[in-house]
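The structure under discussion appears below in the form of structure tokens.
The values are calculated or read from the model by the stated rules, or taken from the named source; none is laboratory data. Just so we're clear, the structure is a prediction, and the values are computed from it rather than from any experiment. Cβ: placed from backbone, ideal geometry, glycine included. Neighbour counts: every protein chain shown.
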């Protein structure tokens, strides 16, 4: 018998019928002998309905009151799910974040969890009840209602699993696991049985939207076994865990992530002096624009070219700022490109395998794809290429690294 | 400067525009120098929407979870009203029933208030904030969410006024006060400036639906000055208070209440023996049917006729029960009538004035209205008459007792 925390997102509880479907899944786990704590989001559409109400009252709603408002969304779902479980003869109790003492800081609309008192949940579990907890919300020291921000329900589930020392935290979503890459781009993309936290973090931050980065970080920090599964289909999903697989050959590459949301900016011919990078990126940072990849090449003439990427939505604003900076620094030219994408190979196996980078570059070269930027970390290689080559590049790499094939002993 | 508790019901906060209208009314009180605590209901329609969701999940929703569900209705309103106040530059904070420690018993869906900790509200008021509290809800000893049942928001407002020793508890509704009788029946019915708790209780229980009986009882018990006002029009409303008006002539009659929801049943020719009333009404009470008026006449032949009234919805069920009873008791006959109404004169002045009853009977007789039952209390006289005479009777009495005329010094 295990203790399992299950999290169901907005689309999984979007209608009364779907909530009843979730009740059936919870009951299946109970029948398998497990203790179950369920975390649910607001019914899909509900949070947006509440935000729309707020926007009618004020352009900038008071953040404390915003949290009081939107936290009702999850409260509706926990009540309905608990009713459904009780009606089926499975005792259940619902709790708001505040009721199970999910203590957070006071940063309304984006609060961070500080502590959880698991004693009340433990009592219910000991008495054979299913515990149903509202995701995405908590309370601060003064018992004000707080919310964790979008996607916070994943974080709630992981935090509860950590506090309860649960055997597994299962995140039910509309995909049945983590794939080697997006199946909409590569038809024979394969569901991974397992992936490490580090790899998952790289995959998530590179645009694979299965899990919230914050929840993965949290799970990694507290060593909570995370599993991603489908709400709508049976299947084992993907386990995200610390344990690198000692019992089988570690694949070199676990997956290929990509990101269409980036844009590239270059400032050409700036004097090659100390402090130049800061002079260029300082104003960008001050404007709250996040910079992703950064590359600097020093030329022979004592000037340097400086290139970086930002979110495509920030492109116009960044270009303007950069033109100001270029004037001040006496740079030769500013250039930019919105039609780019980033493709990344991710895998802990890279640590012990040389030659991944050269195989990647060779594969892309064979397809006639020009590489515009390169960036590497211990478990990842990213390249920036022209947007039109995205699908071709991902498919070629997926095939070159044989990701469609399950690793066997 | 006074401390005022204001309560706005569902129709007064039914849309965002109406909530903004409430914010303006609250601000007017602030500008007049008052401290304000506001109690609000769910936006009209919202509670029914939530109940409908529950009914899709279960025919008999778990009561604890039902309270978790429906309590979200008021939570939405407190957040929106507080946002509106903050957006207008008037600091406000919203609280759920649980957050201001409205401690209740654990009778889910119909809990009773046991205690309120007013310290947090007091701190906010001292700091110049408007306090906005969710009506209709609280928490029990174990911090489970409870609701007070329909109309509970009035009770919340009165309880907060009592705990805070407020100068006045203002109930904003869709009528502008308590009238001498229903203006839809008597065109020149007059708004009362004040009425005593006792009178209000009689008016309310007799079918004048302005205030919840429970809230009036609560206000009377804790000596809270209650005022009924319109959400949509300016005006002083009606003050409900203990103070009988020493400075002016007390009117004999304050108002005329009536009730169309009753039905009359008679069991004829039962042996006149001790215990007979219990034999007749015991089975009715056991079936959870509430009996209103009861009249017994002893005849000359050692038998008695026993007549009582019940809610019209309970008529058929009661008739059946009474036929069983009649068989067992050897009664002669059972009769009933659904086409009756009750009209009542209410007034504390009756205590010191003889002749009210005879004037009432004379007035009705002059209009050719036959009286079927009579019942009296210290401050009330009720008669049952044929339904078709309702309007005629009420108008004749209203005029006979000169209720359209304001009392002056």
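General observations
For (1) farther than 30 Å from residue A:186 by Cα; (2) part of a helix (DSSP H, G or I); (3) touching a helix residue (DSSP H, G or I) at 6+ places or on another chain (Cβ under 9 Å), each residue gets a yes or a no:
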| site | (1), (2), (3) |
| --- | --- |
| A:257 | no, no, yes |
| A:268 | yes, no, yes |
| A:292 | no, no, no |
| A:296 | yes, no, yes |
| A:310 | no, no, yes |
| A:315 | no, yes, no |
| A:323 | yes, yes, no |
| A:336 | no, no, yes |
| A:350 | no, yes, yes |
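- Counting only residues that are surrounded by fewer than 17 Cβ atoms within 10 Å (Cβ to Cβ) and within 19 Å of residue A:63 (Cβ to Cβ), the range A:115-142 holds 2 of them.
- From B:65, B:52, residue being in the same structural domain as residue B:93 (by TED's automatic domain parsing), surrounded by fewer than 17 Cβ atoms within 10 Å (Cβ to Cβ), outside any loop (DSSP other than H, G, I, E, B) and over 23 Å from the mean Cα position of the chain (by Cα): B:52
- A count restricted to the range B:67-93 and to residues that are closer than 22 Å to residue A:20 by Cβ, touching a residue at least 60 places away in the same chain (Cβ under 8 Å) and within 7 Å of another protein chain (Cβ to nearest Cβ) stands at 1.
- When residues in the range A:356-373 are screened for being over 22 Å from residue A:307 (Cβ atoms) and under 27 Å from the mean Cα position of the chain (by Cα), 1 of them pass.
- Considering the range B:232-251, and only residues there that are surrounded by 20 or more Cβ atoms within 10 Å (Cβ to Cβ) and in contact with a helix residue (DSSP H, G or I) (Cβ under 6 Å, 6 or more places away or on another chain), the residue that is modelled with the highest pLDDT turns out to be B:240.
- The range B:273-306 - residue that is at pLDDT below 85 and at positive phi and, of those, surrounded by the most Cβ atoms within 10 Å (Cβ to Cβ): B:302
- Residue in the range B:370-378 that is surrounded by fewer than 13 Cβ atoms within 10 Å (Cβ to Cβ) and modelled with pLDDT under 90 present: yes
- Any hit, the range B:94-108, residues being closer than 28 Å to residue A:13 by Cβ, in contact with a helix residue (DSSP H, G or I) (Cβ under 6 Å, 6 or more places away or on another chain), in a helix (DSSP H, G or I) and facing another protein chain (nearest Cβ under 7 Å): no
Yes or no, residue by residue, for (1) under 23 Å from residue A:67 (Cβ atoms); (2) more than 13 Å from chain A (Cβ to nearest Cβ):
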site: B:21; (1), (2): no, no
site: B:25; (1), (2): no, yes
site: B:40; (1), (2): yes, no
site: B:48; (1), (2): no, yes
site: B:53; (1), (2): yes, no
site: B:110; (1), (2): no, yes
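- Here residue A:32 meets the list (1) under 25 Å from residue A:219 (Cα atoms); (2) touching a strand residue (DSSP E or B) at 6+ places or on another chain (Cβ under 8 Å) almost entirely, failing just condition (2).
- Any hit, the range A:261-272, residues being under 19 Å from the mean Cα position of the chain (by Cα) and at pLDDT 90 or above: yes
- Only one of the numbered conditions (1) touching a helix residue (DSSP H, G or I) at 6+ places or on another chain (Cβ under 8 Å); (2) surrounded by fewer than 22 Cβ atoms within 10 Å (Cβ to Cβ); (3) away from every other protein chain (no Cβ under 11 Å) is violated by residue B:36, and that is (2).
- Flag: residue A:84 matches the condition of being buried (at least 24 other Cβ atoms within 10 Å of the Cβ) and more than 26 Å from the chain's Cα centre (by Cα).
- Filter pass, residue B:7 being farther than 17 Å from residue B:145 by Cβ, more than 8 Å from every other protein chain (Cβ to nearest Cβ), in contact (Cβ under 8 Å) with a residue 12 or more places away in the chain and buried (at least 23 other Cβ atoms within 10 Å of the Cβ): yes
- So residue B:354, is it surrounded by fewer than 19 Cβ atoms within 10 Å (Cβ to Cβ) and without any contact (Cβ under 8 Å) to a residue 12 or more places away in the chain: yes
- Unique match (being touching a residue at least 60 places away in the same chain (Cβ under 8 Å), within 30 Å of residue A:93 (Cα to Cα) and touching a strand residue (DSSP E or B) at 6+ places or on another chain (Cβ under 9 Å)) among B:140, B:154: B:154
- Some residue of the range B:398-409 being over 21 Å from the mean Cα position of the chain (by Cα), in a helix (DSSP H, G or I) and surrounded by fewer than 21 Cβ atoms within 10 Å (Cβ to Cβ): yes
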